[in-house]
Amino acid sequence: MGRVGMIFVKGILAAGITAAAIGGSAHAADYDRPIFYPETNGGLSGMTGNVEGALAKSENDLLDSRNWSIRGSVNARVSGGLNIQGDLGYGKHDFDFIGDGSSYYGTLHGYYRPEEVFAVGAFIHGAKTDLDALGSADLLETRMAGLEVAWFSDAATFYAQGGYGKTDLLGLDADHLMGRLGIRYFLADNIRIDAEGTVNRLSTDIGDIDHASAKALLNYRPDGLPVSVYGGYRKDWLEPKSGGASPGSTDSQSILAGLRFHFGSDSLKEEERNGPIWSSAPILQP
């Protein structure tokens, strides 16, 4: 097997590891949380947000994983309808037969939201995952920028995001395209159902890796309390390709659960209508 073939086999192995980690880190895509800011005539004001802890158990064709993460999201109104949202996260992955890994990410969103009708903006994003089995070498490192838009009805939020960037996968440089569609539907002010689908394509000189995911969550916040809980399910598919041919695909499924602490809002719906609305999920998410 030539050098190119060996590199691609290494890419397939990384893809399998990636699939397990991707599934386990699924819960976070949902960074829409809390925030209520007072009406002002300008100036940075009304910063509000959330902090959460989450657990996930993933089953994969190649290996299973257990994951935990801590993440936070904060939003601020700058002036008029201009807003800034920032997201940070850290997570640990425990892979069967391989060992532990760590993930980090950060995303900054700048957007315009004149009323509770629509929002449009842009984001920059960076994420990194390392694996102890590789001598703490980077498994995946991503830098991306993109656009995002959202529309609000009385009972739901609809949003779309698209981005382009560069990803390093075990030394393989890849062009990275990402697209995401989602809906958050309110059964009541403190009960919300989330559904989201994401696709990623990593294109290298020797082949492509396609990833797709679908996720559903149920969120509940007791009246009068600054905490909420959520649980759900996510399915991931990963397929490497070389010369138009695929040596095989792998998939994973994950059970998700988390606890959030909210500051600056009285209900899930109030948070959604006045605070951070954007997902911040990297392809490998803590």
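The values are calculated or read from the model by the stated rules, or taken from the named source; none is laboratory data. Everything numeric here is computed off the predicted structure, so don't read it as measured data. Positions of Cβ are generated from backbone atoms using ideal geometry, with glycine treated the same way; all protein chains shown enter the neighbour counts. Each accessible area value is taken on the protein alone, full model and side chains, heavy atoms only, with ligands, DNA and RNA left out. Shrake-Rupley method; radii C 1.70, N 1.55, O 1.52, S 1.80 Å.
Observations
- When each of 195, 145, 127 is tested for being within 22 Å of residue 75 (Cβ to Cβ) and surrounded by 14 or more Cβ atoms within 10 Å (Cβ to Cβ), the lone residue that passes is 127.
- For residue 139: the one exception among (1) open to solvent by less than 20 Å² (accessible area, probe 1.4 Å); (2) within 18 Å of the chain's Cα centre (by Cα); (3) more than 22 Å from residue 205 (Cα to Cα): (3)
- Residues within region 165-174 that are under 21 Å from residue 148 (Cβ atoms) and either open to solvent by less than 60 Å² (accessible area, probe 1.4 Å) or without any contact (Cβ under 8 Å) to a residue 12 or more places away in the chain (or both), tallied: 2
- When residue 236 is tested against (1) open to solvent by less than 10 Å² (accessible area, probe 1.4 Å); (2) modelled with pLDDT of 95 or more, exactly one condition is not met: (2).
- Index of the failed condition, residue 67 passing every other in (1) open to solvent by 30 Å² or more (accessible area, probe 1.4 Å); (2) at pLDDT 85 or above; (3) in contact with a strand residue (DSSP E or B) (Cβ under 7 Å, 6 or more places away or on another chain); (4) of a type outside the set (Lys, Arg): (1)
- Restricting the search to strands (runs of 3 or more DSSP E) fully inside region 163-235 and requiring at least 1 residues that are farther than 26 Å from residue 123 by Cβ, small (Gly, Ala, Ser) and over 19 Å from the mean Cα position of the chain (by Cα) gives 172-188, 207-220.
- Residues satisfying the stated conditions in region 60-85, i.e. of a type outside the set (Val, Ile, Thr), within 19 Å of the chain's Cα centre (by Cα) and closer than 17 Å to residue 273 by Cα: 73, 75, 85
- Residue in region 82-97 that is modelled with pLDDT of 85 or more, open to solvent by 10 Å² or more (accessible area, probe 1.4 Å), acidic (Asp, Glu) and farther than 25 Å from residue 205 by Cβ present: no
- Any hit, region 101-122, residues being under 21 Å from residue 164 (Cβ atoms), of a type in the set (D, E, K, R) and at pLDDT 85 or above: no
Okay, residues lined up against (1) touching a residue at least 24 places away in the same chain (Cβ under 8 Å); (2) closer than 17 Å to residue 256 by Cα; (3) in contact with a helix residue (DSSP H, G or I) (Cβ under 6 Å, 6 or more places away or on another chain):
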position: 177; (1), (2), (3): yes, no, no
position: 185; (1), (2), (3): yes, no, no
position: 197; (1), (2), (3): no, yes, no
position: 204; (1), (2), (3): yes, no, no
position: 211; (1), (2), (3): yes, no, no
position: 218; (1), (2), (3): yes, yes, no
